[in-house]
Structure formats: C-alpha cells, structure tokens
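The values are calculated or read from the model by the stated rules, or taken from the named source; none is laboratory data. Small disclaimer: the values here were computed from a predicted structure and weren't measured. Glycine gets a Cβ as well: all are built from the backbone with ideal geometry, and neighbour counts include every protein chain shown. Note: accessible area is taken over every heavy atom of the protein model, side chains too, but ligands, DNA and RNA are not part of it. Shrake-Rupley method; radii C 1.70, N 1.55, O 1.52, S 1.80 Å.
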Amino acid sequence: MDIILVPGFWLDGSAWDDVVPVLTAAGHTPHAVTLPGMEAVDADRSGIHLADHVDAVVAAIDAVPGDAPVALVGHSAGGGLVYAASDRRPGRVARVVYVDSGPFAEGQAVNAELPADVVDHELPAWDAFEEQDLAGLDDDLRARFRARAIPQPGGTVREGHRLSTDLQRLDVPTTVIACEMPGEVLRGLMAEGHPFVAELARLHDYEIVDLPTGHWPMFSRPADLGAAVVAAVAR
C-alpha cells in the first residue's frame, strides 16, 4: 500500500528516514511529506497557513495513481493534518495512523494564543518539555534533532482546523500508536468525555496500541514504530 507519512512540528520528511526501510521491506511504498515552509531553515514562512499544510497532504493522496487506497500516518500535529485530509478524501483513505497524536476537532488549534507576529515558531529549549516528552532521546539524539529542526510556520500553530459537514471521515479505520501517554490513560480520558480526545471518541472504528517511549518515536524507536505502522496497515 502507499503510505503517506506526515511529520509533526519542526520536522521535514526526512524525520521518517529510519522508519521508511521497515515499511519498504514489508512491501509498502512510503511517501514522506515535507510540508510548505519546511523545506529549509531559511524558507519564507510568512504566507504559510494551516490550510496549505492540509492541501499538501491532500495533494500527496491525489498523486498516488489511480483509485488505489492509501494509508495516512500523522505524527503529533501532523495528526490534525491527516484527519483533515481524510475528511477531504474519505474514499481514498484505507486507514489513518496517529503517532502519539489524534484527530483535531473543528476549530481546534495547537496553540491559538501564539502571538500573531510570530512567523517562525522555533523549537523550544529542552527544559520547556515534560520529562515524558523526551523519553528515549539521549543527548546524541537531542543534538541531532535540534540540528535538523526547522521553524514551524506560525500560522499553522495558531489557526484552527476546518472540517466539512460530511461525516464519512468518522468511518475511516484508525489506529492510535500511544507513546508518551499510555493507551490506558487515553481510554480513561475518553470515558470521562475529556475534550482532548473528544474527536477520537467520535470515530466508529479505532484501536489504540502502545509503543512506550517519548513523543518522537521515529528517533527513539524507529524500527518498532515502523513495525507498528505495518501491523496497523495489515489490519
């Protein structure tokens, strides 16, 4: 199957480099997406909006020849992008896989309070993250991550997602790969009706599988992440 890989903040398509060989070895065709404004550190991000990133994922779906189904894999904020893309192309998406992420609801933003004058949202210092975020990232991996980090377009941080009134997206089979927050915790939040997982709770066909590590499993456990994606697609 064609598998479209969408990175989270501060990363381009190369974030998936250590995951791609696992998918290829399983017979799949991976497509790692570099989103608009994430091509280089010095790219112009002043005119990049959240809709441009959703459009890029939709374009990746449309670029797969014929009517063959695809799988979408979204990490972190990329989860909102693949969900919005499945809303636009529900008939083409065989499965959505969220990597330490989940679907974003109508109007939901990563940080709506990010000041309007922030064009380049830089990777914060490590002490700005929780300990569980960084699990599995030793000093070498952190240094390599920071060296490759690209500023996130500010518009994609503060703008809310827009979804259609067509609810076919709720029928798309879904896998959540839970990393820093165990699946048991996610299920508990869903049972409580927590807004963080409200959209996930609306889905008609989903599973939650655990891959214990920090927020960036493509760096800390790439082979295991690849195997989890392969297993999800097989289902």
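Counting Lys and Arg as +1 and Asp and Glu as -1, what is the net charge of the other residues whose Cβ lies under 14 Å from the Cβ of residue 159?
For residues surrounding residue 159, the net value is -1.
What does the accessible area per residue of segment 126-176 come to in Å², with a 1.4 Å probe and no ligands, DNA or RNA counted?
Counting only protein heavy atoms, the per-residue value for segment 126-176 is 51 Å².
Nearest 20 debye, what's the magnitude of the dipole of the chain about its Cα centre given +1 on Lys and Arg Cβ and -1 on Asp and Glu Cβ?
620
Can you tell me the relative contact order of the chain? Whole percent, Cα pairs under 8 Å, sequence separation 6 or more.
25
Evaluate the relative contact order of segment 120-235 (contact order divided by residue number), counting alpha-carbon pairs under 8 angstrom at least 6 apart; express in whole percent.
34
Stick to the Cα atoms of the chain, pair each with every other, and give me the Kirkwood hydrodynamic radius in Å at one decimal.
Every distinct Cα pair counted, the radius reaches 17.7 Å.
Using a 1.4 angstrom probe on the protein heavy atoms only, line up 133, 127 by accessible area, largest first.
Solvent-accessible surface, decreasing: 127, 133.
Looking at segment 118-158, which GluC sites (Glu not before Pro) are in a loop (DSSP not H, G, I, E or B) and have at most 13 other Cβ atoms within 10 Å?
122, 130
Tell me, how many Å apart are the Cα centres for segment 191-205 and for segment 30-79?
Going from one Cα centre to the other spans 25 Å.
With θ set to phi - 60°, apply the Karplus curve 6.51 cos²θ - 1.76 cosθ + 1.60 along segment 73-79 and write out the HN-Hα couplings as whole Hz, x wherever there is a Gly or Pro.
Listing the rounded values in order: 10, x, 9, 6, 5, x, x Hz.
Can you give me the relative contact order of segment 1-92 as a percent, contacts being Cα pairs under 8 Å and 6 or more apart?
39
So, with a 1.4 angstrom probe, what is the percent of accessible area on the chain that is carbon and sulfur?
In the chain, the share of accessible area belonging to carbon and sulfur is 52 percent.
I'd like the accessible area for residue 181, computed on protein heavy atoms only with a 1.4 Å probe and all protein chains in place. Round to 10 Å², please.
60
Have a look at the DSSP beta bridges in the chain and tell me what percent are antiparallel, nearest 5.
10
What are the residues whose amide H is under 5 Å from the amide H of residue 93, where those residues sit 5 or more places off or on another chain and H is modelled from the backbone?
70
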